[in-house]
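Visitor: Below you will find the structure I want to go over with you.
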Amino acid sequence: MEVYYVPDKTTLVIYSILMIVVGALFVYDKDLALKWGFILAGICLIIAGVLPMIAAKQFDVIGLVLIILGIVLCLIPGLMATVTIVFIGVIAIILGAIMIYGGMQAEGNAKTFGIIVGALVLAAGILTFLGEDFAFIVFGVLLIIAGALNLVSAEKA
């Protein structure tokens with residue numbers, strides 16, 4: 001049995017708004033983002049889990065998972081923030097190293113671009129562990145951009 005999850009337009013809009021708000025919080029003040037961003041994320045996940053079930057008038061396992069995750073985020077945002085920071089840092093370090101390696105295998109401008117972008121991603125991952133605000137600002141800007149692009153996609157859907 002295969003399970004496919006295709007979010008509806010309302011869910012995409014909720015995710016997009018969440019990404020923009022949390023991104024703006026990271027740019028503005030990482031401590032505020034870590035304290036309230038996860039609570040806001042939890043509330044949005046609860047809403048994103050409940051609304052499709054109400055609209056469809058049926059139980060949905062994905063919706064239940066979103067509701068449970070949302071409750072956990074609201075109850076223990078500090079722990080979730082710490083886990084997320086470690087996860088983001090590790091992923092950025094791995095991705096940066098892969099990008100540098102890939103850039104070294106490329107030719108011409110792709111080589112230079114791959115190495116530079118890989119080095120920036122690697123540095124952001126390392127800075128995340130050092131508590132530097134720069135990494136959070138970069139992450140926040142990326143979340144804002146991704147959220148805006150998702151909103152545009154949701155409007156076209």
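The values are calculated or read from the model by the stated rules, or taken from the named source; none is laboratory data. Given the structure is predicted, the values throughout are model-derived calculations rather than measurements. Neighbour counts are summed over all protein chains in view; Cβ atoms, including those assigned to glycine, are modelled from backbone coordinates with ideal geometry.
Visitor: How about region 48-60: which of its residues are farther than 23 Å from V83 by Cα and touching a residue at least 24 places away in the same chain (Cβ under 8 Å)?
Guide: Passing the criteria: L51, P52, A55.
Visitor: Does I144 fit the bill of being of a type in the set (A, V, I, L, M, F, W, C), in contact (Cβ under 8 Å) with a residue 24 or more places away in the chain and under 21 Å from G103 (Cβ atoms)?
Guide: no
Visitor: Among the residues of region 70-113, how many are small (G, A, S) and without any contact (Cβ under 8 Å) to a residue 12 or more places away in the chain?
Guide: The total comes to 3.
Yes or no, residue by residue, for (1) free of Cβ contacts under 8 Å to residues at least 40 places away in the same chain; (2) within 26 Å of L34 (Cα to Cα); (3) not small (G, A, S):
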{"residue": "I115", "(1), (2), (3)": "yes, no, yes"}
{"residue": "L122", "(1), (2), (3)": "yes, yes, yes"}
{"residue": "I126", "(1), (2), (3)": "yes, yes, yes"}
{"residue": "F129", "(1), (2), (3)": "no, yes, yes"}
{"residue": "D133", "(1), (2), (3)": "no, yes, yes"}
{"residue": "I137", "(1), (2), (3)": "no, yes, yes"}
{"residue": "G140", "(1), (2), (3)": "no, yes, no"}
{"residue": "V152", "(1), (2), (3)": "yes, no, yes"}
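Visitor: Then there is this: What are the residues in region 71-101 that are among the small types (G, A, S), farther than 12 Å from A123 by Cα and touching a helix residue (DSSP H, G or I) at 6+ places or on another chain (Cβ under 6 Å), if any?
Guide: A81
Visitor: For I76, all conditions in the list (1) of a type outside the set (S, T, N, Q); (2) at pLDDT 85 or above; (3) farther than 25 Å from A48 by Cβ hold save one; what is the number of the exception?
Guide: Status for I76: all satisfied but (3).
Visitor: If I54 satisfies all but one of (1) farther than 30 Å from L130 by Cβ; (2) part of a helix (DSSP H, G or I); (3) in contact with a helix residue (DSSP H, G or I) (Cβ under 8 Å, 6 or more places away or on another chain), what's the number of the condition it fails?
Guide: With respect to (1) farther than 30 Å from L130 by Cβ; (2) part of a helix (DSSP H, G or I); (3) in contact with a helix residue (DSSP H, G or I) (Cβ under 8 Å, 6 or more places away or on another chain), I54 is out only on (3).
Visitor: Taking I67 and the conditions (1) over 30 Å from L120 (Cα atoms); (2) without any contact (Cβ under 8 Å) to a residue 12 or more places away in the chain, which numbered condition does it fall short on, given that it satisfies the others?
Guide: Tallying (1) over 30 Å from L120 (Cα atoms); (2) without any contact (Cβ under 8 Å) to a residue 12 or more places away in the chain, I67 fails exactly one: (2).
Visitor: Filter region 11-30 down to residues that are charged (D, E, K, R) and farther than 16 Å from I88 by Cα, then give me how many there are.
Guide: Summing the residues that are charged (D, E, K, R) and farther than 16 Å from I88 by Cα in region 11-30 gives 1.
Visitor: Right, another one. Could you tell me whether any residue of region 4-15 is of a type in the set (D, E, K, R), closer than 30 Å to G118 by Cα, part of a helix (DSSP H, G or I) and touching a residue at least 12 places away in the same chain (Cβ under 8 Å)?
Guide: no
Visitor: Also, quick follow-up: Among the residues of region 107-138, which ones are surrounded by 14 or more Cβ atoms within 10 Å (Cβ to Cβ) and not in a helix (DSSP H, G or I)?
Guide: The answer is E132, and nothing else.
Visitor: Restricting attention to region 52-72, does a residue exist that is surrounded by 12 or more Cβ atoms within 10 Å (Cβ to Cβ), touching a Ser or Thr at 6+ places or on another chain (Cβ under 7 Å) and within 23 Å of F38 (Cβ to Cβ)?
Guide: Yes.
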